[in-house]
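The structure appears below as structure tokens.
Quick note: the coordinates plus some simple rules give every number you see, no bench work behind them. None of the values given here were measured: they were computed from a predicted structure. Neighbour counts are summed over all protein chains in view; Cβ atoms, including those assigned to glycine, are modelled from backbone coordinates with ideal geometry.
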There are 6 protein chains.
Amino acid sequence: MGIHTFFTSLNDLERIIRAPGRFKFEEHNVAAHSWKVSQYAMFFATIEERAGKEVNWKSLYEKTINHDFAEVFIGDIKTPVKHSSPELKEMIAKVEEGMMEKFILREIPDDFQGVFFDRMKEGKDGTIEGNLLEMADKLDQFYESFAELKRGNADPEFAKMYRIALKKLLSMPLQASVAYFRDTMLEDVMAEETVIDIKDITRQVLQQ
Amino acid sequence: MGIHTFFTSLNDLERIIRAPGRFKFEEHNVAAHSWKVSQYAMFFATIEERAGKEVNWKSLYEKTINHDFAEVFIGDIKTPVKHSSPELKEMIAKVEEGMMEKFILREIPDDFQGVFFDRMKEGKDGTIEGNLLEMADKLDQFYESFAELKRGNADPEFAKMYRIALKKLLSMPLQASVAYFRDTMLEDVMAEETVIDIKDITRQVLQQ
Amino acid sequence: MGIHTFFTSLNDLERIIRAPGRFKFEEHNVAAHSWKVSQYAMFFATIEERAGKEVNWKSLYEKTINHDFAEVFIGDIKTPVKHSSPELKEMIAKVEEGMMEKFILREIPDDFQGVFFDRMKEGKDGTIEGNLLEMADKLDQFYESFAELKRGNADPEFAKMYRIALKKLLSMPLQASVAYFRDTMLEDVMAEETVIDIKDITRQVLQQ
Amino acid sequence: MGIHTFFTSLNDLERIIRAPGRFKFEEHNVAAHSWKVSQYAMFFATIEERAGKEVNWKSLYEKTINHDFAEVFIGDIKTPVKHSSPELKEMIAKVEEGMMEKFILREIPDDFQGVFFDRMKEGKDGTIEGNLLEMADKLDQFYESFAELKRGNADPEFAKMYRIALKKLLSMPLQASVAYFRDTMLEDVMAEETVIDIKDITRQVLQQ
Amino acid sequence: MGIHTFFTSLNDLERIIRAPGRFKFEEHNVAAHSWKVSQYAMFFATIEERAGKEVNWKSLYEKTINHDFAEVFIGDIKTPVKHSSPELKEMIAKVEEGMMEKFILREIPDDFQGVFFDRMKEGKDGTIEGNLLEMADKLDQFYESFAELKRGNADPEFAKMYRIALKKLLSMPLQASVAYFRDTMLEDVMAEETVIDIKDITRQVLQQ
Amino acid sequence: MGIHTFFTSLNDLERIIRAPGRFKFEEHNVAAHSWKVSQYAMFFATIEERAGKEVNWKSLYEKTINHDFAEVFIGDIKTPVKHSSPELKEMIAKVEEGMMEKFILREIPDDFQGVFFDRMKEGKDGTIEGNLLEMADKLDQFYESFAELKRGNADPEFAKMYRIALKKLLSMPLQASVAYFRDTMLEDVMAEETVIDIKDITRQVLQQ
């Protein structure tokens, strides 16, 4: 019944755990994840600007902080569904969209509904800001799976997540950012001591 | 790749929290919920037997312990969706069904697939065992919301859950069980000291 | 003062942690454990039926869901005591029995006391259902210790628990179930990647 | 040793709990708090823009997501210190500053140090973006204390926090935002059912 | 196998939760409880010394820090048993004693066994130090139940615990300490705002 | 406002986590840590007495249980600061001292202020009791880092903490205690199975 309801619902995202059901040494909530994504995105945007690209910072700000708000309705379920089938994935997307629409129409005051429909739509839209969001989102999946492997989480799902995220990161259409990730950051990642060996997995993906 | 995978996935349900995202003084996982439902159902089945009904205990056992297994795929999201729209609810049901089918075909050995398709199908089917499952499932929703109200959880969603569960319990087609719940158990419930007053809500529902 | 008190006490078992005091990467409560045991038992009962044995499903249902209810009184302390001395073990059993009796006489309505005395008595009684309960209970100990070893829990108690559970499982008087566990499930268990090597321990026990 | 170290340190802020030591029904970490602040700030910036003010969105983005990064070094200790003495508060600020400087010089690559010194400096600087940050930061303190009072947290510190935050919010030099907060949001806040009465406190502060 | 095993077992007491199974807004472990007891006891010992009594500080130190070590074996189960029957209580005491003896003989080096048998025996022995231990132990029960009532825990067990602890505190044979507790501390306790009213309960007990 | 406030503040230390921000498989609070330190100190004091030293048990008791009370004000932040710079470390010490003074003057009754100023001052003062406190405090750091390494915590900070604590322990001016630690306890520590090898680190430190 107003922005108060929207602000209160942000708190709900602190209780939505990423990758629910799976054993993890450390859990992450969607609110904290969104913050880390907005940090990564700001860094890569800085790199792209230095490489001569133009960045719309307002758009990047909007995209990163809002990109997972829809999880307030049905939680963090996309990854396992994605591994399951494209039809199911599409259905889930429709459910989320439907619930978001209902939420905006019911809770957001009339004169802000336009702004909210705009900010809450899918952010990964092929613009440079959309690409920065996607790269930052994948980087968090990369770091979350890396941390589990580092501490000895033998669940094969995390090695898979690490591999998928790494592959995606290396193929993003953001030349300067990808080069920085590959040539500088990945060196530091591989220099860390880990319980489960990630050097091998990393090299395999790099060679493909 | 076998029953080992199925048995391991049971552990995942210990990490699926009921009513995720919502603030609760006490969290409940789906595994523990399933156990409580199988306890309630056994008690009401005893009452129905004494009242002359015939109970298929094997079926009741199967229905109660398996009724929420599908939440291993997409978590506990039905309640908020139900409050949202019937189309979304149906879509979610299809997603769950699709994932369950994939799971059985991929993980369960050939000679057990028939048994699993049978046990994992919707249990609330209008039989007496299906009704006992539904009554027991609602009773756990009743108890979960009661416990939150008792401790002072002022989130209006829990008063709503309490009211909906109570109404449903009173209207179940299990005469002896409903009478026992209404005339004996509800008296004890209303005698408890609670931070948020539930006597009023209870009486309102009873009078309807 | 009635079934309401009994139903409320089920919630208490969600707060009783198995193997308390010991460091574990993942904790399990007695309610969730009881549910997993009822799942394992149903599967092995299916195998025994196919092998020609007759199973009393009502009895199996009762035994599995009630087998650890007495832990509501003094918690989960049997394992360390068992490793300590038979006299202490027996004393603890008497304490539990005494508290259960008091509970039934004080809380359960007169006309249900007979049923409760029957359902709450020791379930591991040499019948096929008692054996299925014991096998399922051991399997959960097997899985709990396996999961700790897999994630790198170097506490020697878990290697010991794994070994004891495995030995017991292989010696249960349920030929078809034991064969299935040994020849099919154990293969899948040993194929998993683990931080602490369990293949060696497993082979040692198999050779004895 | 590079941006990898900085990105890893973001994860540390998920483990820094706000208002540590104090009993709370719900804990909040600094990462999630930073995200909520960036959400509130975006909303009020939209209101200010509509009221004719010019907003530098890049600056607002930088200020909000970085404003509590320094807590990675010494945790969330400012509030109790503030209530204690201005000299201590200043000393703490110097300690944080010193540690931040050391961190940037040691961990951030040379060509990014300028950017980081700029982004990590105190954000509440009297600009409109600085004011939006301050208002958003106070609003989160307002919501955190409100939620505790609503659920019955009788620790007088939370009533105090609520009062201080409310007073500060009403006095911010952001006319349109303050009007929206006072005339629209506060109505919704006061309409909520709460265990500890907040209407009285709110009215007292409004009348001053 | 030596003091290393004893020192490691202290860590186990950080995982033993007091009053397990019961819902609490805040849990307390036995290690932290032991520390609080040693703090309370030091304060009351100071009062007794000022009142002219002689205190053996070494004995008090030994008694307070060791008084619940035996819970490492069977957890914190005495209170519900006490409410149940004296025979069961005695049996539990014997089990604990038996396990303590086994532990000392097996783990403690020969030349320290005498010291450990002495330090680990029942501390509440009628000496002034034993009385100070008992008063401090009761005070922690008083504070634990007070904190639950203050926050709205409607479980009648906590009101009962509060009443029993208060009665015991007022009747301890430590005149100066009891006077200080009754005339000074209790005033401050009753001045606190609480969700569940404790003034009434307190006055009732005081009048008896 | 009296001793009641002081006693209540002890509870706050159960919510102050040691080494906050850092990932740990097991968290420890300051209250439980203080108890373990008072246990270790009592053991080493016994060894020193047997070796002919005189121990003031009252002083040792006071020093161990109070040594980290000041963390109630600003939490457990010394270790990272220590690694950072001596000036910052000194500043933090002054902040703590200032807050402690304010606390005693405001909360402790006049006739107990002297006792509290005495008990709360820095305990590591070069006396034998001060040395016992320091050794016990380091031993807990040793055990906390050991437990993390044992379970596979690959964060290099814990290997560093282990090395620093070990070096300090071996150099304490308590001959008999150090000899016992080095010749007896360290043997048992090194005999444990661990995920991350600690034998190497231990031998390196011993050879220096």
**Complete:** Note to self, chain F gives a 222 nm [θ] from helices alone (DSSP H runs n ≥ 4, -39500 (n - 2.57) apiece, / all residues, nearest 500) of -21000 deg cm²/dmol
**Item:** Overall dimensions of chain C as given by Cα atoms, namely Rg and Dmax in Å
**Value:** 17.9, 54
**Message:** Quick one: 3J(HN,Hα) in Hz for the stretch E:36-45, Karplus 6.51/-1.76/1.60 with θ = phi - 60°, rounded, Gly and Pro as x.
**Reply:** 4, 4, 5, 6, 4, 4, 4, 5, 5, 5
**Request:** Within 10 Å of each Cβ in peptide E:22-30, how many partner chain Cβ atoms are there on average? Round it to a whole number, please.
**Result:** 5
**Request:** Starting from a label point 7 Å past Cα on the Cβ side, list the distances from residue A:197 to the same position in the other copies, nm, shortest first.
**Result:** 1.4, 1.4, 6.9, 7.0, 7.1
**Complete:** residue F:97 neighbourhood, Cβ < 11 Å, K/R = +1, D/E = -1, net charge -1
**Asked** When Rg is the radius of gyration of the Cα atoms in the stretch A:1-119 and Rh is its Kirkwood radius, what does Rg/Rh come to?
**Response** 1.00
**Request:** Between the label point of residue D:179 and that of the same position in each other copy, find the distances and list them shortest first in nm, with every label point placed 7 Å from Cα along the Cα-to-C-beta direction.
**Result:** 5.1, 6.7, 6.7, 8.3, 8.4
**Request:** Shielding by partners for A:142-155, please: the mean number of other protein chain Cβ atoms within 10 Å of each residue's Cβ.
**Result:** 5
**Positive-pole candidate from F:100, F:115, F:88, dipole of the stretch F:81-124, charges at beta carbon** = F:88
**Message:** For residue D:49, place a label point 7 Å from Cα along the Cα-to-Cβ direction in every copy; what are the distances to the other copies, in nm, shortest first?
**Reply:** 1.7, 6.4, 6.8, 6.8, 7.4
**Prompt:** What residue among E:162, E:37, E:174 has its Cα farthest toward the positive end of the dipole of chain E, where the charges are +1 on Lys, Arg and -1 on Asp, Glu, each on the Cβ?
**Reply:** E:162
**Message:** Counting only other chains, and only Cβ atoms inside 10 Å, what mean value do you get across the residues of D:183-190?
**Reply:** 3
**Axis proximity, chain F to C: residue whose C-beta lies nearest, plus whole-Å distance** = F:152, 2
**Message:** Can you compute 3J(HN,Hα) from phi for each residue in the stretch A:5-17, using the Karplus curve 6.51 cos²θ - 1.76 cosθ + 1.60 with θ = phi - 60°, rounded to whole Hz and x for Gly and Pro?
**Reply:** 5, 4, 4, 5, 5, 4, 4, 4, 6, 6, 9, 8, 8
**Prompt:** What does the protein assembly as shown give for Rg and for Dmax, in Å, if only its C-alpha atoms count?
**Reply:** 30.7, 84
**Request:** Calculate one ³J(HN,Hα) per residue across the stretch C:121-137 by plugging θ = phi - 60° into the Karplus curve 6.51 cos²θ - 1.76 cosθ + 1.60, and present them in order as whole Hz with x for glycine and proline.
**Result:** 6, 3, x, 8, 10, x, 6, 4, 5, x, 5, 4, 4, 5, 5, 5, 5
**Message:** I'd like to know which of A:130, A:21, A:64 lies farthest towards the positive end of the charge dipole of chain A, counting +1 on Cβ of Lys and Arg and -1 on Cβ of Asp and Glu.
**Reply:** A:21
**Request:** Pairs to check: D:24/D:199; C:24/E:24; A:121/D:167; F:121/F:150; D:63/D:160; A:24/F:150. Give those whose C-alpha atoms are more than 29 Å from each other in this structure.
**Result:** A:121/D:167; F:121/F:150
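About its Cα centre, how strong a charge dipole does the protein assembly as shown have in debye, to the nearest 20, once Lys and Arg get +1 and Asp and Glu get -1 at the Cβ?
The dipole magnitude comes to about 0 debye.
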